[in-house]
1. What is the calculated FRET efficiency for residue 102 to residue 315, with r their C-beta to C-beta distance and R₀ = 45 Å, to the nearest 0.05?
2. What's the FRET efficiency of residue 132 with residue 173 using the Cβ-Cβ distance as r and R₀ = 25 Å, to the nearest 0.05?
3. According to a simple spin-label model (label point 7 Å from Cα along Cα-to-Cβ), what is the distance in nm between residue 163 and residue 462?
4. Describe numerically, in nm with one decimal, the distance between label points set 7 Å from Cα along Cα→Cβ at residue 561 and at residue 495.
5. Can I get the semi-axes of the range 1-120's equivalent ellipsoid? Compute them from the C-alpha gyration tensor as square roots of 5 times the eigenvalues, in angstrom, largest first.
6. If I model a spin label as a point 7 Å beyond the Cα along the Cα-Cβ vector, how far apart are those points for residue 505 and residue 47 in nm?
7. If amide hydrogens are placed 1.01 Å from N in the peptide plane, which non-local residues have theirs closer than 5 Å to the one on residue 335?
8. Ignoring ligands, DNA and RNA, what percent of the 1.4 Å accessible area of the chain is carbon and sulfur?
Amino acid sequence: MIEEELNEQQRKAVEYDGKHLLVVAGAGTGKTRTIIARAKHLLQQGVPANRILILSFTRKSAREIVERIKSEIGGITVEGLRGQTFHSWCMDVIMNNPKVFMHHEYTLLDEEDRESCVKLLCGKGLRDKEKHVVKPASILEVYSFAINACCSLSDAMRMKLYDNASREDPATLKSIELNKPVYEDIIKRYMAYKTVHKYMDYDDILNVVSKGLKKNAEARRFVSSRYDHILVDEMQDTNPLQYELLSSFYERCHLFCVGDDAQSIYAFRGADFKTMHNFTSVVPQSEMMKLTLNYRSTQEILDLSNWVLAKSPLHYDKELTAARGKGKKPVVVTCENEWDEANDVTEKIRRSIVDKGAKYEDNMVLSRSLYGLRTVESQCISKKIPYIIFGGVGLMQSKHVRDVVSPMRIVANYKDELAWMRYLLLWRGIGEVSASRIINNVIEEETLDKCLDKLAGNGLQEEITLTLRNISNMQFSPSQAIAKTLETMEDRLKELYKDEWKWRKQDFEVLQEVALGTAGIQEFVSEYVLDPKLETTVKQGENGPEDACILTTIHSAKGLEANICYLLKASPASFPTPRSIESGPDAVEEERRCLYVALTRAKDELHIYRNVHSIHVDPQSEDPTESLYFFNEMPDELVEKEATRTARLNPEMDYQGPVVGFDVTDDFDFG
């Protein structure tokens, strides 16, 4: 029975029989267990599986939730139960309702394609009214934030270009009003360009569905009638656009939303954790419950984590209690410099193996950025400690993968000019001018076959047309299409990548495996754009270690945990950063939540590192910013303190880059 596997708080949430429920689940309190139990409860109550939709923020987590439900339910059919991301769900809505959404024939642009479009529209050396260079990436950042945060262009510029400056700052307001026409012009032209060329980008997907359902009551009734229950994971990471989307389902469906406001760390993407605080006032007929019994960490680790939240002026009103009981206090280690810090971390990792019988994977090192992990990575290399790095650029964004996917994009939509350009430029003797001429010559044809016939008449080398012809009839066999593409393109790819080809080629086994889970080339191409980080796979590399310690950015650590955690550079001016202090209270509080996420990854041991040169804050200082440093007043009873580590490594030692170990970001050349 479900009741036997849940605590009282979880059971009450799972059996909720009202309209809409928000479950505020603290770190390690079993939110995934609760969502799974809720789905099982609904199925046992007779709700058909195809009337339940589970939404999460990665395909990996959505799929894992569904697989666990299927393996645990027993005796009840779960045919039709779906776990999706918001974006893949909305793509399904678009594709399955062509009379409502004209975008069903559009091609999805990935991040590089979007920037290429805007570069084309900006021309060279575009400047604003104050003579500053306008970067295409900045235009896209403003555009994306405006859509996801459902805010004005002026507000989006203030947030993204002016570091969230005050709305009352006259200099900022004057600058925004002066430069807004420049951004407005490019954004309008970008939107028009997408319409003309039948392109849709990542931000459009939710926007098209949300606005379409709001405007079309009949479509709203039809789409919402497909579901009785919608279960939403990681609710703290939803942005205003996703709330707007869900609002079309308030009347017809039951929402069961789970998240932790204290782990909302994606404001830069438009996520607004305050919507959780306002859930019951925004969502009609809704209630809120809390989960506070933590199954991951010992009480000493939670005491420090609770203290960090309690110091906030915001009311998180959440005190986590450890189901596991007591353990070791967190340890604060003060180091002379980052090299000494890295040496101490890696020595502790080695001792955990030798003295405690731990595995490498029991150790996790957390940093604000990938750059902050480099000295630890260097020491792992030196000491032959196997490691995996999480964070940064993903496999699907790497140049060689995008090269091989480009002919598949052409087969999916032969009018995709950007895919044509990438594909043609791979071949010898074709430059941008000749590629443009070829594209203009072939894409006006009525069918793909006619397009390829015309392409063959351009006097090009045989492999260019052959690659496309070979996969043109594999629309429903994407994995086979990848293999066939490699078969005809491999010689050329070897020439392009030379000595790197051996390790790059290994990635295509992963790619084919992913493609097996999609129904066709069109779906694969869409999923490839929707989930560019390919969170479905942790790649180890040739003869890579099965047991490896984890090096991760804090933003990539959500969902991860380890017995022993090492938090790097937890010093004044690191938590929060001076930039966040300048940006105001909201940015400072996001820094606090970022720190909270890092602390709550630890199960048994937590080592917090500080730089001796950063500890200069005077408690009696009148500087108001100094009171914001999170660890200034850390109570002695909450932590143990180790003696200061003095420098034993040469800070000037050259970093030679990865030699052993494996970095899942493939830190080489990404096109």
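The values are calculated or read from the model by the stated rules, or taken from the named source; none is laboratory data. The structure presented is a predicted model; accordingly, all values stated were derived computationally and were not measured. Positions of Cβ are generated from backbone atoms using ideal geometry, with glycine treated the same way; all protein chains shown enter the neighbour counts. Areas reflect the complete protein model, heavy atoms only, side chains present, ligands, DNA and RNA absent. Shrake-Rupley method; radii C 1.70, N 1.55, O 1.52, S 1.80 Å.
1. 0.50
2. Values: r = 17 Å, r/R0 = 0.67.
Efficiency, from the Cβ-Cβ distance: 0.90.
3. Modelled inter-label distance: 6.1 nm.
4. Rounded to a tenth, the inter-label distance reads 5.3 nm.
5. Values: eigenvalues 235, 64, 33 Å².
They are 34, 18, 13 Å, listed largest first.
6. The answer from the label model is 5.0 nm.
7. For residue 335, whose amide H was placed from the backbone, the distant partners under 5 Å are 610, 611, 612, 645.
8. Values: 14620 of 29610 Å².
After summing per-atom areas, the C and S share lands at 49 percent.
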